Amino acid sequence: MAPDGALYLGLDSSTQSLSAVVLEASGGRHRVVYELSLPFDDTLPHYGTRNGVLPSSDPSIAHSSPVMWAEALDRLFVRLGEARLDLTRLTAISGSAQQHGSVYLNDTFARGLDTLHPGRALPPQIVPLLSRPIAPIWMDSSPHAECREIENAVGGAAALAQHTGSRAFERFTGPQIRRFATREPAAYAATDRIHLVSSFLASVLMGGDAPVDPGDGSGMNLLDLATLDWWTPAVDATAPALRRRLPALAPSSAIAGRLAPYWRRRYQLPGAKVVVWSGDNPCSLIGLGLVREGQRAVSLGTSDTIFGPMRTPRVDAGGTGHVFGAPTGEFMGITVFSNGSLARERIRDQYGLTWEGFSHALDTTPPGNGGALMLPWFVPEITPVVAEPGVHRLDLDERDAAANVRAVVEAQMTALALHSRWMEVTVDTIHVTGGAAANRQILQVLADVFGAAVHRREVSNAAALGAALRALHADRVDDRAPITWDELVAGLDQQVPDVIHPISGHHERYLAQRARYARFEQTEYARARA
Ligand code: XUL
């Protein structure tokens with residue numbers, strides 16, 4: 001077993017930044033000793049991203065740069081080296097990444113990663129390994145026709161959902177791969193391996209071809225939840241000879257390899273274990289301490305998500321939610337909204353407010369907003385699927401800044417409640433994470449809309465914390481001194497959560513508003529699809 005004082009590194013390559021959390025484990029307990037976040041736009045401006053995405057005139061296209069993600073790892077290790085940490089005690093590393101994004105590599109990839117030169121910069125060594133310079137990410141909504149083609153080929157949307165946990169979604173990796181294979185057949189032919197963001201970055205760290213875990217794999221419309229193997233009908237329906245281009249699958253607690261010589265020599269690091277990476281939502285589940293069915297989490301980040309553990313897969317018949325694998329080996333239910341922090345920021349900026357001004361607007365307006373409603377579809381929406389962005393107002397004066405602030409937040413929280421009913425769980429406690437969790441006024445609306453207590457903890461990046469906890473768990477399993485998931489999350493020393501309780505009377509008001517919001521959403525949704 002690793003000696004007392006062992007360090008575990010959790011990384012999170014999200015849409016907008018690369019973050020790290022370091023845990024120190026001693027005497028059966030563990031605590032966070034270091035946290036860092038590097039926003040891509042500011043840290044690596046030469047890639048020209050905005051909020052981590054490459055500019056595009058087409059709102060349905062969202063691409064980013066795999067080389068930028070790899071270079072961010074390099075920058076992060078520089079910063080880790082400058083921190084007061086004894087990195088000779090670094091025992092295991094795992095990671096979390098934005099889900100669904102795909103990285104296309106040629107047949108020199110595995111050898112190229114194995115022979116990275118520690119004395120040379122990383123980006124020019126990664127570029128020649130790519131068969132596609134960009135990576136489509138989860139915000140991309142372009143493969144619309146491809147979704148229908150895949151569903152039709154496997155016997156319909158319900159059949160695809162029954163096997164893979166979701167009907168076809170534009171941002172899922174399978175439809176993205178199909179679009180690439182059809183539109184750029186030569187580049188597809190030159191592609192030897194297709195990685196997720198998570199498995200690509202794990203590969204870069206271990207200097208080899210890393211596996212995909214069931215958590216991130218289930219965001220592809222390609223993985224059979226019953227067997228945890230690729231589902232042949234979906235693989236065959238997606239693109240020619242895809243099977244041989246897909247990575248191996250492995251449980252999220254597997255050790256994929258050891259830190260490659262590039263990192264060891266360049267930063268004087270030990271040969272720490274590299275644990276299989278997963279998606280940000282499965283990692284956040286662990287970071288928030290949710291290992292039992294009935295618990296619920298809300299992440300208010302670039303995307304807003306609501307999720308919770310599930311013992312056995314229960315697919316959403318309505319077709320909005322997803323079932324993913326969870327790091328525990330069980331499952332999780334999740335619903336995702338693309339108009340999260342970007343929508344909040346657009347409203348803040350439209351009215352020239354600071355975040356303090358935004359909070360003040362919430363403080364000075366009544367719950368229910370006097371009946372004023374908004375549908376904040378600033379970018380194409382996932383839930384419900386709306387391809388043409390547009391902001392819709394009902395009984396809401398666009399000139400009234402405070403009412404518009406309340407309207408965007410109430411819309412988001414109401415949509416979270418409305419579109420998570422399929423998980424069939426009575427919610428009395430919500431664990432919250434993501435940048436907007438810092439805003440108490442937003443959390444008050446969340447508590448009031450759900451009629452549930454909202455728990456907020458000090459470590460803001462639950463995904464990176466979850467990855468660090470997973471690294472510790474996998475190390476114990478590997479050392480034949482396993483700890484249970486309950487022991488793992490209970491062993492974390494952290495502050496007592498800040499609890500935001502619902503205010504008496506507000507929940508009832510929001511219940512009445514919810515039906516009206518649902519009708520408004522239904523009307524505009526139908527109009528957008530007409
Ligand atoms: C999940 C999803 C988003 C991304 C954001 O299905 O699309 O939550 O994982 O990073």
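The values are calculated or read from the model by the stated rules, or taken from the named source; none is laboratory data. These figures come from a predicted structure and were not determined experimentally. Please note: Cβ atoms are built from the backbone with ideal geometry, for glycine as well, and neighbour counts cover all protein chains shown. The area values use the complete protein model at the heavy-atom level, side chains included, leaving out ligands, DNA and RNA. Shrake-Rupley method; radii C 1.70, N 1.55, O 1.52, S 1.80 Å.
Assorted remarks:
- When ALA490, ALA436, ALA447 are screened for being under 24 Å from the mean Cα position of the chain (by Cα), open to solvent by 40 Å² or more (accessible area, probe 1.4 Å) and not hydroxyl-bearing (Ser, Thr, Tyr), only ALA490 passes.
- Cross-chain or 6+ apart pairs with Cβ under 6 Å, region 249-277 first and without any contact (Cβ under 8 Å) to a residue 60 or more places away in the chain, then open to solvent by 50 Å² or more (accessible area, probe 1.4 Å): GLY271/ARG258
- Matching residues, region 377-393, being more than 18 Å from ALA417 (Cβ to Cβ) and out of contact with any Pro (no Cβ under 7 Å at 6 or more places or on another chain): VAL385, GLU388, GLY390, HIS392, ARG393
- Residue that is away from the ligand (no atom under 16 Å from the Cβ), closer than 28 Å to ALA226 by Cβ, touching a residue at least 60 places away in the same chain (Cβ under 8 Å) and under 19 Å from the mean Cα position of the chain (by Cα), where the choices are GLY329, GLY325, GLY333: GLY329
- In region 288-322, the residues that are more than 16 Å from the ligand (Cβ to nearest atom) and polar (S, T, N, Q): GLN295, THR312
- Scanning region 22-36 turns up no residue that is within 16 Å of the ligand (Cβ to nearest atom), β-branched (Val, Ile, Thr) and at pLDDT 95 or above.
- Among helices (runs of 4 or more DSSP H) entirely within region 422-530, having at least 3 residues that are more than 28 Å from ALA326 (Cβ to Cβ) and at pLDDT 95 or above singles out 440-450, 506-529.
- Among residues of region 161-185 that are among the polar types (S, T, N, Q), those with a Cβ under 7 angstrom from a residue that is away from the ligand (no atom under 16 Å from the Cβ) and assigned to a helix (DSSP H, G or I), sequence gap 6+ or separate chain, pair up as THR164/ALA234.
Residue-wise test of (1) of a type in the set (Ser, Thr, Tyr); (2) in contact with a strand residue (DSSP E or B) (Cβ under 6 Å, 6 or more places away or on another chain); (3) away from the ligand (no atom under 16 Å from the Cβ).
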site	(1), (2), (3)
HIS100	no, no, no
PHE109	no, yes, yes
LEU116	no, no, yes
ALA121	no, no, yes
SER131	yes, yes, yes
ILE134	no, yes, yes
ALA145	no, no, yes
ALA153	no, no, yes
ARG183	no, no, yes
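For every residue, the table says whether it meets (1) among the charged types (D, E, K, R); (2) open to solvent by 10 Å² or more (accessible area, probe 1.4 Å); (3) under 22 Å from GLN495 (Cα atoms).
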{"position": "LEU269", "(1), (2), (3)": "no, yes, no"}
{"position": "VAL274", "(1), (2), (3)": "no, no, no"}
{"position": "TRP277", "(1), (2), (3)": "no, no, no"}
{"position": "LEU285", "(1), (2), (3)": "no, no, yes"}
{"position": "VAL291", "(1), (2), (3)": "no, yes, yes"}
{"position": "ALA297", "(1), (2), (3)": "no, no, yes"}
{"position": "LEU300", "(1), (2), (3)": "no, no, yes"}
{"position": "SER303", "(1), (2), (3)": "no, yes, no"}
{"position": "THR312", "(1), (2), (3)": "no, yes, no"}
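- Test: residue in region 197-214 that is modelled with pLDDT of 95 or more, within 16 Å of the ligand (Cβ to nearest atom), of a type outside the set (Val, Ile, Thr) and open to solvent by 10 Å² or more (accessible area, probe 1.4 Å): yes
- Counted residues, region 342-356 - those being farther than 23 Å from ASP395 by Cβ and either open to solvent by 50 Å² or more (accessible area, probe 1.4 Å) or modelled with pLDDT of 95 or more (or both): 6
- Filtered by the rule that a residue be modelled with pLDDT of 95 or more, part of a loop (DSSP other than H, G, I, E, B) and closer than 30 Å to ASP140 by Cα, region 363-380 gives a lone residue, PHE378.
- Which listed residue is more than 20 Å from GLY217 (Cβ to Cβ) and either buried (at least 24 other Cβ atoms within 10 Å of the Cβ) or more than 15 Å from the ligand (Cβ to nearest atom) (or both), from ALA237, ALA241, ALA260: ALA260
- Considering residues of region 273-287 that are aliphatic (A, V, I, L, M) and over 22 Å from ALA436 (Cβ atoms) only, the residue nearest to the ligand (Cβ to nearest atom): VAL276
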